[in-house]
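Right, one structure below, let's go through it.
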Amino acid sequence: MTKVEIGVNGKSLTIETGLFAKQADGSACVRYGDTVILATAVSQKEALERKDIDFFPLTIDYREKAYAAGKIPGGFFKREGRPSEKEVLTSRLIDRALRPIFPKGFYSETQGIVSVLSYGDENIADILGIIGMSAAISISPIPFNMPAAAVRIGIIDGSFILNPNFKETEECDFTLVVAGTEEAVVMVEGGGLEISEESVILDAIDSAHKEIRQIIELQKELVTLAGKPKRIVIPPAISKELTNAVYELSLERIKKAIIIPDKLKRQDALNDVLNDVIAKLNTVEKDISKDIAAVFNNLEKNLLRSMILEKNLRADGRRPDEIRNIAAQVGLLPRVHGSALFVRGETQCLAAVTLGTAEDKQRIDALEGESTKSFMLHYNFPPFSVGEVKPLRSTGRREIGHGMLAERALKSVLPQKSEFPYTIRIVADILESNGSSSMAAVCGGTLALMDAGIPIKAPVAGIAMGLIKEGDKTIILTDILGVEDHLGDMDFKVTGTESGITAFQMDVKISGVSREVMEKALQQAKEGRLHILSKMSEVLAGPRDKLATHAPRIFTMQIKPDKIREVIGSGGKVIRGIVEQTGVKIDIDDTGNINIASLDEISAQKAMDIIRGIVAEPELEKIYLGKVKRIVDFGAFVEILPGTDGLLHISQISDKRVENVRDEIKEGDEILVKVIEIDKLGRIRLSRKEAMKEKV
């Protein structure tokens, strides 16, 4: 067994290998505090040169074991089932941090699995997953350019906290996960409250990168002690003769095709050129169509990049900092609580908002404990949005990731639960896509929230930025197309209000993106965001004054905690009776806060009156219409409030002398009585004659 160790933020970070999973190509066990993860990596053992594919088939899976937190899984089978949303998002996080570091031309199927073995309160299992997977691959024979690492940075009032735990994270204004190599940052993801100063985020990234370099040195030490020789990558070779032939037949035609503004027409034109070239160059003896397509696609990519760098001209004719045409509509769907259609160029998002009660919260059973979630944004990307035919299966990783980014972007502007006690769900359906669909979900979601009458603090817009870098020449692209995302060197998404940034995501495909470039990209993104916000305000400047007609109305009241059991009743009998009588939904928390949901105000008011009657306390000198519950020789016990009786002494029944109580009142009679005394023990004395005097 080989072990290396370093101190990080006052705790020991250790990486071990040689104890677990020794048949994997590489395995690493990483520990920080009470959190322990095992990362394993295996790559196919066949020949590395793959003729049948032209991409790197990497699969990363992050799994949390229930035993890691001393828990037994729920459900009938009592074992872990399909991955949770958190596990999917963490799998994507690790993938995005490491994928850019594999060498070009490496097409062997590779699988990495991160298992959480022990779960402490450090809030770091995802970070350890990136470190552990990098270490496992680095010491394995799998080709890998250099180790990578990650840290989480919390921002509070401009100050930074390294790897904040769960409690500290709740206090942070903004949190970022930063991953990188020794040379450069390759991935950033985070969000929180509005941050007005872009320099704060850049300083946080710089601070994170210093810590990352130390963790990478630790991995290098492990590689020296336990590393295996790397396999040699042999990229697929294509002859110069074929390359020249493809160039000769297609160069001029590609130049004409790539400047067609319409996405589908541009793609059809390029497909026609490719098919013609294949028809002319492919042979019966040997099928070289894939080699032809590889040369063709590389030529197309280089021509598009050159056109942007040399002419400042993009595929759809825009300048680098120009945003596509924006259009939007709200209130399209009559029965929906809030709806909006947001269109940017050839990207189209239909967002719908549904308001619910506390019963509609998402209940989450995670390693850190059970919790509820009252705001959800679900993003869907159907195949017709890009003109494709694919089977509709369960929600994909990309959809979950894009939905979480948009959800993070909007979460900070939602009203507090005390002032708006609703569960909110947004569904963002992408109906047409040509880049920046997740940012369209943010814009469409904002408009739908305002259309529903939800009092958000400020509208939020999102924009996706790109980068083309060749040597010393760099062009930053605003509002990128799908093709620019594919051929570019950076995908950089920023969301925010007029006041600041609410979410941030960056994936860098090259090394050496400087702080100056990121600073310029952030400034350009801010200008674009403000432009989009101004266009959105032309459609709907702020939340509507009233909730949508078909949205439930929630009325809030507060009672004393010691009265909760009276409202609920034995076995829930009382509260069920109120619901049956009024048709409302009632939710009571431990503090005595009651939310009453109803489609009409009359029913809600009726329920509130009943509850007020149940929890009301008798007031001295106040007159009540009471009900005679029991008669005794010396008077009667009268119920003046539900469950609250007072003694009406025989001397207080009438001005005249009463010999027999039953001569004046009977059990079940409703009579007016006045509270004349409440003693220290809470006993109540009533007077009928005093009440009758005041009513005369």
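The values are calculated or read from the model by the stated rules, or taken from the named source; none is laboratory data. It should be emphasised that the depicted structure is a prediction, and the values quoted were computed from it without experimental measurement. Reconstructed Cβ throughout: ideal geometry from the backbone, glycine too, with neighbour counts over all protein chains shown.
Hand me the list of strands (runs of 3 or more DSSP E) wholly inside the stretch 303-394 holding 1 or more residues that are under 30 Å from Leu487 (Cα atoms).
By residue number, 326-330, 338-344, 347-356, 375-380.
Condition test on Lys265, is it exposed (fewer than 12 other Cβ atoms within 10 Å of the Cβ) and under 37 Å from the mean Cα position of the chain (by Cα)?
The answer is yes for Lys265.
Which pairs turn up if I take residues in the stretch 346-373 that are farther than 25 Å from Asp589 by Cβ and look for partners that are hydrophobic (A, V, I, L, M, F, W, C) and assigned to a loop (DSSP other than H, G, I, E, B) with beta carbon separation below 7 Å, at least 6 apart in sequence or on another chain?
Listed pairs, sorted by first residue: Ala352/Leu333; Ala352/Val336.
Those residues that are surrounded by 15 or more Cβ atoms within 10 Å (Cβ to Cβ), farther than 20 Å from Leu477 by Cβ and of a type outside the set (Gly, Ala, Ser), I need them from the stretch 299-332; list them, please.
Leu299, Gln329, Val330
Based on what the data block shows, is Arg662 farther than 26 Å from Gly569 by Cα and out of contact with any Lys or Arg (no Cβ under 9 Å at 6 or more places or on another chain)? Full working, then the answer.
On the way: farther than 26 Å from Gly569 by Cα: yes; out of contact with any Lys or Arg (no Cβ under 9 Å at 6 or more places or on another chain): yes.
Yes.
Each row is one residue, and each column tells you yes or no for (1) at pLDDT below 90; (2) outside the structural domain of Thr582 (by TED's automatic domain parsing); (3) of a type in the set (A, V, I, L, M).
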{"position": "Ala607", "(1), (2), (3)": "no, no, yes"}
{"position": "Val658", "(1), (2), (3)": "yes, yes, yes"}
{"position": "Arg662", "(1), (2), (3)": "yes, yes, no"}
{"position": "Lys674", "(1), (2), (3)": "no, yes, no"}
{"position": "Gly682", "(1), (2), (3)": "yes, yes, no"}
{"position": "Arg688", "(1), (2), (3)": "no, yes, no"}
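Of all residues in the stretch 452-489 being small (Gly, Ala, Ser) and under 17 Å from Ala406 (Cα atoms), which is surrounded by the fewest Cβ atoms within 10 Å (Cβ to Cβ)?
It comes out as Ala458.
List every residue pair whose Cβ atoms lie under 6 Å apart, where the two residues are 6 or more positions apart in sequence or sit on different chains, the first residue falls within the stretch 497-513 and is under 18 Å from Ser199 (Cβ atoms) and modelled with pLDDT of 90 or more, and the second residue, located anywhere, is of a type in the set (S, T, N, Q) and surrounded by fewer than 18 Cβ atoms within 10 Å (Cβ to Cβ).
Within 6 Å, the pairs are Ser499/Ser196; Gly500/Ser196.
Just give me the residues in the stretch 120-135 being over 22 Å from the mean Cα position of the chain (by Cα) and either crowded, with 21+ Cβ neighbours inside 10 Å or free of Cβ contacts under 8 Å to residues at least 12 places away in the same chain (or both), in sequence order.
Hits for the stretch 120-135 are Ile131, Gly132, Met133, Ser134, Ala135.
For residues in the stretch 490-520 being crowded, with 19+ Cβ neighbours inside 10 Å and under 17 Å from Asp472 (Cβ atoms), which is farthest from the chain's Cα centre (by Cα)?
Among those residues, the one meeting the criterion is Val513.
Please identify the pairs in which a residue from the stretch 379-399 that is in the same structural domain as Val343 (by TED's automatic domain parsing) has its Cβ atom under 9 Å from the Cβ atom of a residue that is part of a helix (DSSP H, G or I) and exposed (fewer than 12 other Cβ atoms within 10 Å of the Cβ), counting only partners at least 6 apart or on another chain.
Val389/Pro383; Lys390/Pro383; Pro391/Pro383; Leu392/Pro383
Looking at the stretch 222-235, I want the residues that are in contact (Cβ under 8 Å) with a residue 24 or more places away in the chain and in a helix (DSSP H, G or I) and have a partner that is of a type in the set (Asp, Glu) and surrounded by 13 or more Cβ atoms within 10 Å (Cβ to Cβ) with Cβ atoms under 9 Å, at least 6 apart or on another chain. Which pairs are those?
Cβ pairs passing all conditions: Leu222/Glu16.
Output the residues belonging to the stretch 322-340 that are in contact (Cβ under 8 Å) with a residue 60 or more places away in the chain and within 15 Å of Ser436 (Cα to Cα).
Hits for the stretch 322-340 are Glu322, Ile323, Arg324, Ile326.
Identify the residue in the stretch 398-416 that is within 13 Å of the chain's Cα centre (by Cα) and more than 13 Å from Thr495 (Cα to Cα) and, among all such residues, is surrounded by the most Cβ atoms within 10 Å (Cβ to Cβ).
Step by step, filter the stretch 398-416, then rank; the result is Gly403.
Quick one: which residue in Ser138, Ser207 is more than 22 Å from Asp34 (Cα to Cα) and either buried (at least 20 other Cβ atoms within 10 Å of the Cβ) or of a type in the set (Val, Ile, Thr) (or both)?
Ser138
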